[in-house]
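The values are calculated or read from the model by the stated rules, or taken from the named source; none is laboratory data. Bear in mind the structure is a predicted one, so any value in this text is a computation, not a measurement. With ideal geometry, Cβ positions are generated from the backbone for all residues, glycine too; neighbour counts draw on all protein chains shown.
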Amino acid sequence: MQAQNLEELKRLVLKVLPEIIKEDPAIKAYLKGLLKDSFAEKDKTEDRIEKLYEELVRLREDSEKRWQEYLEDRERMWQSWKDKGRNLTEDGSNTYRREIKCGRN
């Protein structure tokens, strides 16, 4: 077949193929069979996407839980430091309390 005729045939196929596929399920099945190695199957792809989504949800929930635990731990630590500051005695510990308030170590 000559190059010009081949290009004309390609244009014709591209023009009429969508309509042929709609009208003839056998052609559609044939083309699917030809292309099945080139594309992922819809069901398998959707299943993989669903599994990824579920894993992302689990990771987000775990991160939120760990973050909340971290904040609660920091709050307990801060409260403990505040309580220690209140319990200091007058035997020189006030100096320590003033240094804490001023941000000195």
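The condition (being modelled with pLDDT of 90 or more and either among the acidic types (D, E) or exposed (fewer than 10 other Cβ atoms within 10 Å of the Cβ) (or both)) is satisfied by just one residue among L52, L56, L34: L34. Taking every residue in the stretch 1-21 that is surrounded by 10 or more Cβ atoms within 10 Å (Cβ to Cβ) and pairing it with any residue that is in a helix (DSSP H, G or I), at least 6 positions away or on another chain, the pairs with Cβ-Cβ distances below 8 Å are I20/I27; I21/I27; I21/K28; I21/L31.
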